[in-house]
Amino acid sequence: MGKFELHVHTKENDLVAQVGGAGIVQLYKNAGYDGLVVTDHYFAMFYDWFKDEIDLNDHKSIIDRWLSGYHAAKAEGDKCDFTVLLGAEVRFDGPMINDYLVYGIDEEFLYNAPLLNKLNSLEELLEILPTGTLVVQAHPFRDNMTVKPPENLFGIEVYNGGTQELRNRLAKDFATYYNKPMTSGSDFHEAGALAKGGIITEAKIETMDDLKTVLTCGNYSIIEN
């Protein structure tokens, strides 16, 4: 039986985050986890935070910089037999503020796809994602989130380590009502958020396909710390 974290942000990609990718791997390994998904924010603030390090007119430059936290975590994970997978937390630039955890993309997709935050809607994102990609709405009952029927989503993050208990309960009721798979994540930005969420499963997760199989088959329980 193993633990797997589904919602992590690295210092390389996020000015709010306090721990780099390599440090996060060591923290989670020491906490008894077997792996994690790096789900760095893919939204407009990234361009403002790191405008001096990227060429806003060069797609490759943007993606190279965006992947730096994942690459740091993956390199450390490879050294210590700890699985690190690539995901994203996408928010579109329009007036509706929702965050979507994306499981199933790879680097090739990111380099060839349009900038995801520039898309106009979840429907546009779903049209271009690779077949089998799972999209989960993150913390849907936080302030400023827009709650709407989740028919097009795979699942709902019903436990978020950085969200109040009442709002997590509302998310669980929401997922139950719509019969959607439930996920959990620490929403790690700093050491105090360590191991606040994730899933427990008897299946070994070494690849994104392994993780998607676990989630789609429901072969897991959620961590609610």
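The values are calculated or read from the model by the stated rules, or taken from the named source; none is laboratory data. Keep in mind the model is a prediction, meaning the values are calculated, not measured. Ideal geometry is used to build each Cβ from the backbone, glycine not excepted, and the neighbour counts take in all protein chains shown. Accessible surface is based on the protein model in full, side chains and every heavy atom, while ligands, DNA and RNA are left aside. Shrake-Rupley method; radii C 1.70, N 1.55, O 1.52, S 1.80 Å.
The figures follow:
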| item | result |
| --- | --- |
| Search result, residues across the range 51-69 that are among the hydrophobic types (A, V, I, L, M, F, W, C) and either touching a residue at least 24 places away in the same chain (Cβ under 8 Å) or under 23 Å from Glu157 (Cα atoms) (or both) | Ile62, Ile63, Trp66, Leu67 |
| Some residue of the range 49-66 being β-branched (Val, Ile, Thr) and farther than 22 Å from Asn120 by Cα | yes |
| Qualifying residue in the range 57-66 (condition: in contact with a Gly (Cβ under 8 Å, 6 or more places away or on another chain) and under 26 Å from Leu129 (Cβ atoms)) | no |
| Where a residue in the range 70-90 is small (Gly, Ala, Ser) and its partner, wherever it lies, is open to solvent by 30 Å² or more (accessible area, probe 1.4 Å), with Cβ under 8 Å and at least six apart | Ala72/Glu12; Ala72/Ala22; Ala73/Ala22; Ala75/Ala22 |
| Those residues of the range 187-203 which are buried (at least 19 other Cβ atoms within 10 Å of the Cβ), out of contact with any Asp or Glu (no Cβ under 6 Å at 6 or more places or on another chain) and under 17 Å from Leu85 (Cβ atoms), in sequence order | Asp187, Phe188, Gly197, Ile199, Thr201 |
| In the range 204-221, residue nearest to Leu166 (Cα to Cα) [restricted to those that are open to solvent by less than 40 Å² (accessible area, probe 1.4 Å) and outside any loop (DSSP other than H, G, I, E, B)] | Leu215 |
| Test: Thr163 is in a loop (DSSP other than H, G, I, E, B), open to solvent by 10 Å² or more (accessible area, probe 1.4 Å) and more than 19 Å from Phe43 (Cβ to Cβ) | no |
| Those residues of the range 116-133 which are within 17 Å of the chain's Cα centre (by Cα) and not hydroxyl-bearing (Ser, Thr, Tyr), in sequence order | Leu116, Asn117, Leu122, Leu125, Leu126, Leu129, Pro130, Gly132 |
| Cross-chain or 6+ apart pairs with Cβ under 8 Å, the range 107-130 first and among the charged types (D, E, K, R), then assigned to a loop (DSSP other than H, G, I, E, B) | Glu107/Leu67; Lys118/Phe92; Lys118/Asp93; Glu123/Asn152 |
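Listed here are the residues, each with its yes/no results for (1) part of a loop (DSSP other than H, G, I, E, B); (2) open to solvent by 10 Å² or more (accessible area, probe 1.4 Å); (3) farther than 22 Å from Thr216 by Cβ.
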residue	(1), (2), (3)
Glu89	no, no, no
Phe92	yes, yes, yes
Met96	yes, yes, yes
Tyr111	no, yes, yes
Leu126	no, yes, no
Pro130	yes, yes, no
Asp143	yes, yes, yes
Pro150	yes, no, no
